[in-house]
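Read the structure below first, then the notes.
The values are calculated or read from the model by the stated rules, or taken from the named source; none is laboratory data. The structure presented is a predicted model; accordingly, all values stated were derived computationally and were not measured. Please note: Cβ atoms are built from the backbone with ideal geometry, for glycine as well, and neighbour counts cover all protein chains shown. The protein model used for the area step is the full one, side chains on, heavy atoms only, and it has no ligands, DNA or RNA in it. Shrake-Rupley method; radii C 1.70, N 1.55, O 1.52, S 1.80 Å.
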Amino acid sequence: MRSVTSGARHLVSIADLDGSEIVRILDHGDRYWSLADEPIKKLTSLRGRTVINLFYENSTRTRTSFELAAKRLSAEAINISSSSASTSKGESLLDTGRNLQAMHPDAIVVRHSFGGAAAMLAKTASYAVINAGDGQHEHPTQALLDAATIRRHKGKVEGLEVAIVGDIQHSRVARSNILCLSKLGARVRLVAPMTLMPRGIELIGGDLTRERVRICHRLEEGLDGADVVMMLRVQHERFDGEAPRFPNTRELSRTFGLSERTLQFAKPDAIVMHPGPINRGVEVSPQVADGPRAVILQQVSWGVAIRMAILERAILGGPGGQPDA
Ligand code: ASP
């Protein structure tokens with residue numbers, strides 16, 4: 001017997017969602033914003049369901065956020081990390097997936113350094129697969145919580161100017177956000193030195209992103225008039241064997257770092273975002289990270305609400321236990 005309902009849906013990539021489906025997920029997440037303020041943060045829509053967090057890469061926010069989201073909906077949440085997974089004994093990801101499937105989970109939330117890992121699992125899974133980051137490819141739940149945070153602060157996403165600044169080359173967050181924000185009608189500037197900007201990135205979503213994405217190699221130009229500034233960490237862990245992409249971190253920070261001075265290039269009411277973990281004093285100064293324009297911790301809080309919506313969509317097919325048509 002399959003343990004998932006017929007409404008189960010994978011979430012592998014923002015590329016698989018259209019704008020209206022993204023809005024449905026954001027609206028669904030809106031139901032749960034205020035739950036964090038309640039003394040008892042518990043709903044019952046996923047009672048008796050099982051969610052496995054299968055993390056082959058480090059994570060603080062995403063794993064905890066999914067665990068909390070599952071528990072707040074009364075699901076059982078089980079965590080497996082790379083050090084405890086059997087891959088360290090030579091088992092393949094697909095074999096791990098098959099073995100976990102034999103225990104009838106309803107959803108597996110997977111993070112892996114291989115771009116394509118979530119899609120690979122989803123191909124044969126009878127459970128719902130949620131991509132919590134696959135290599136440099138995508139991090140769809142981060143993009144959805146980012147869009148939710150922007151919508152919450154600005155009242156809309158459509159028509160906004162969003163600057164994504166930093167290591168675009170190695171960032172799955174950037175790729176998911178380019179797709180998500182373009183589908184929601186924002187304009188995106190990608191701001192990085194040439195050596196951290198993948199060639200052709202503006203074509204990632206075909207004609208849509210060709211029209212909506214602008215490449216900038218100077219911070220001042222990229223931030224000019226921006227409504228939202230999204231800073232990215234340099235993903236040193238993905239530099240394996242590559243030639244150095246910038247002379248040193250101090251120089252990168254001086255030319256592309258966000259400080260109170262460089263933030264002035266953006267609109268006076270621009271918000272500052274970061275998916276975390278932050279390297280203070282590198283991509284963002286402590287004054288900005290802790291300042292009034294930063295919504296970085298709100299991204300974390302509201303990420304739980306969006307992930308509750310994502311789990312319900314994955315397992316039930318729609319909000320609150322009523323699979324939608
Ligand atoms: N937490 C994000 C990710 O997993 C961003 C980062 O690690 O810098 O991709």
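A compact table of results
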read-out	value
The stretch 213-239 residues that are closer than 18 Å to Met194 by Cβ, paired with ones that are at pLDDT 95 or above and of a type in the set (S, T, N, Q) (beta carbon under 6 Å, 6 or more apart)	Leu219/Thr262; Leu232/Ser171
Residues of the stretch 225-243 satisfying the condition of being within 30 Å of Leu160 (Cα to Cα) and within 13 Å of the ligand (Cβ to nearest atom)	Met230, Met231, Leu232, Arg233, Val234, Gln235
Failed criterion for Arg210 (all others in (1) open to solvent by 60 Å² or more (accessible area, probe 1.4 Å); (2) within 15 Å of Val282 (Cα to Cα); (3) modelled with pLDDT of 90 or more hold)	(2)
Residue identified as open to solvent by 20 Å² or more (accessible area, probe 1.4 Å), more than 22 Å from Ala174 (Cβ to Cβ), modelled with pLDDT of 95 or more and not in a loop (DSSP other than H, G, I, E, B) among Leu68, Leu54, Leu43	Leu68
Counted residues, the stretch 71-95 - those being in a loop (DSSP other than H, G, I, E, B) and away from the ligand (no atom under 16 Å from the Cβ)	9
Residue in the stretch 170-190 that is more than 23 Å from Asp16 (Cβ to Cβ), surrounded by 21 or more Cβ atoms within 10 Å (Cβ to Cβ) and within 16 Å of the ligand (Cβ to nearest atom) present	no
Residues located in the stretch 244-254, provided they are within 16 Å of the ligand (Cβ to nearest atom) and not in a helix (DSSP H, G or I)	Arg245
Residue that is touching a residue at least 12 places away in the same chain (Cβ under 8 Å) and touching a Cys at 6+ places or on another chain (Cβ under 9 Å), where the choices are Leu35, Leu17	Leu17
Any hit, the stretch 272-286, residues being in a helix (DSSP H, G or I), at negative phi, open to solvent by less than 10 Å² (accessible area, probe 1.4 Å) and touching a residue at least 12 places away in the same chain (Cβ under 8 Å)	no
Test for Ile306: is it crowded, with 17+ Cβ neighbours inside 10 Å, in a helix (DSSP H, G or I), aliphatic (A, V, I, L, M) and within 16 Å of the ligand (Cβ to nearest atom)	yes
Test result for Asp146, at negative phi, touching a Cys at 6+ places or on another chain (Cβ under 9 Å) and within 16 Å of the ligand (Cβ to nearest atom)	yes
Elements of type strands (runs of 3 or more DSSP E) contained in the stretch 129-243, each with 1 or more residues being more than 25 Å from Thr60 (Cβ to Cβ)	161-165, 187-191, 213-216
Of residues in the stretch 225-243 being hydrophobic (A, V, I, L, M, F, W, C) and in contact with a strand residue (DSSP E or B) (Cβ under 6 Å, 6 or more places away or on another chain), the one surrounded by the most Cβ atoms within 10 Å (Cβ to Cβ)	Val229
Any chance Ser45 is within 16 Å of the ligand (Cβ to nearest atom), small (Gly, Ala, Ser) and on the phi < 0 side of the Ramachandran plot	no
